[in-house]
1. Inside the stretch 55-73, can you point out the residues that are part of a loop (DSSP other than H, G, I, E, B), at negative phi and open to solvent by less than 90 Å² (accessible area, probe 1.4 Å)?
2. Can you say whether Arg52 is assigned to a strand (DSSP E or B) and either surrounded by 11 or more Cβ atoms within 10 Å (Cβ to Cβ) or in contact (Cβ under 8 Å) with a residue 40 or more places away in the chain (or both), as far as the supplied structure shows?
3. Please find, within the stretch 132-152, the residue that is nearest to Ala177 (Cα to Cα) out of those that are surrounded by 16 or more Cβ atoms within 10 Å (Cβ to Cβ) and among the small types (Gly, Ala, Ser).
4. Just one of (1) part of a loop (DSSP other than H, G, I, E, B); (2) open to solvent by less than 70 Å² (accessible area, probe 1.4 Å) trips up Glu160, so point out which.
5. Failed condition for Glu178, given (1) open to solvent by 40 Å² or more (accessible area, probe 1.4 Å); (2) touching a Gly at 6+ places or on another chain (Cβ under 9 Å); (3) within 16 Å of Ala86 (Cβ to Cβ); (4) of a type outside the set (Val, Ile, Thr), with all others met?
6. Residues that are open to solvent by less than 50 Å² (accessible area, probe 1.4 Å), in a helix (DSSP H, G or I) and either under 25 Å from Met106 (Cα atoms) or modelled with pLDDT of 85 or more (or both): does the stretch 38-47 have at least one?
7. Could you tell me whether the stretch 114-131 includes any residue that is open to solvent by less than 40 Å² (accessible area, probe 1.4 Å), assigned to a loop (DSSP other than H, G, I, E, B) and at pLDDT below 90?
8. Collect the residues in the stretch 163-205 that are more than 23 Å from Arg74 (Cα to Cα) and either hydrophobic (A, V, I, L, M, F, W, C) or not in a loop (DSSP other than H, G, I, E, B) (or both), keeping them in residue-number order.
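The values are calculated or read from the model by the stated rules, or taken from the named source; none is laboratory data. Note that the structure is predicted; figures quoted are calculated from it, not measured. Cβ: placed from backbone, ideal geometry, glycine included. Neighbour counts: every protein chain shown. Ligands, DNA and RNA are excluded from the accessible area calculation, which covers all protein heavy atoms including side chains. Shrake-Rupley method; radii C 1.70, N 1.55, O 1.52, S 1.80 Å.
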Amino acid sequence: MTDARVRRRRFRPTLWASLAALPVFAVLLGLGFWQLERMEWKNALVAEMQARMSAPAMRLPDPVRAPEELRFRRVELTGTFLHDRALYRAAQIYGNRRGWDVIAPMRLQDGRTVLVNRGWVPTEKKAPETRPDSVLDGPTTIEGVIRLGGWQGMEFVRPENDPAGNVWVWMDLQRMAEAAQLENPVTQVYVDAAADQTPGEYPIGGQTRVNLRNQHLEYAITWFMLAAGLLGVYVLFHWRPVKDDDSR
């Protein structure tokens with residue numbers, strides 16, 4: 001039988017439950033606000049990269065002292081491609097077709113040699129003789145975007161390049177320069193050729209895309225929902241029945 005004296009409820013928090021819940025609640029809120037800050041940082045980074053790519057083309061500094069400051073800057077190169085020393089990077093599927101990125105060294109007018117990703121070719125167009133229109137002889141000027149070499153993922157999942165087979169998965173600029181037997185190579189950066197810098201159908205340039213993963217808003221919402229859930233459980237747990245004769 002229900003006690004007739006129980007007529008209402010009152011929020012009556014307990015000490016130990018409060019000591020356990022409130023720090024967790026604060027941490028969840030902090031994580032949510034931190035993810036919002038990360039979202040703003042990522043948006044600003046994307047905007048900065050896009051601004052660099054749309055700025056007027058610059059000349060490649062000599063020497064390259066601050067590679068990070070040059071990342072995604074548009075650059076103009078004048079020199080001669082060394083087609084016989086081209087390197088090939090295993091590329092992602094493009095238009096449902098497998099293929100390669102053609103990494104051709106360019107000997108600049110100042111004597112340096114820089115690696116240029118001329119763009120994507122399907123497997124059947126890997127050999128230069130299958131795409132004669134793209135073989136630029138003599139001095140030429142191109143524009144592109146400065147990129148940094150090195151493996152960008154976690155070290156324990158880094159794949160191995162195959163210099164002997166001329167199969168590259170990631171841009172190990174020093175070893176690539178050695179494999180191509182380049183003189184006076186630039187190994188701090190390489191260049192992605194712009195989309196309109198190669199005659200003929202292949203290679204397809206313009207492979208640089210600013211597409212940084214930005215899921216920080218979703219993460220922030222998740223943390224805030226967890227905080228709201230904890231608060232709801234805390235309130236319901238302490239929303240206790242009060243008897244008429246309970247004066248506490």
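1. Ala55, Ala57, Leu60, Pro61, Pro63, Val64, Ala66, Arg71, Arg73
2. no
3. This residue is Gly149.
4. (2)
5. Of (1) open to solvent by 40 Å² or more (accessible area, probe 1.4 Å); (2) touching a Gly at 6+ places or on another chain (Cβ under 9 Å); (3) within 16 Å of Ala86 (Cβ to Cβ); (4) of a type outside the set (Val, Ile, Thr), only one is false for Glu178: (2).
6. no
7. yes
8. Residues satisfying the conditions are Ala164, Val167, Trp168, Val169, Arg175, Glu178, Ala179, Ala180, Leu182.
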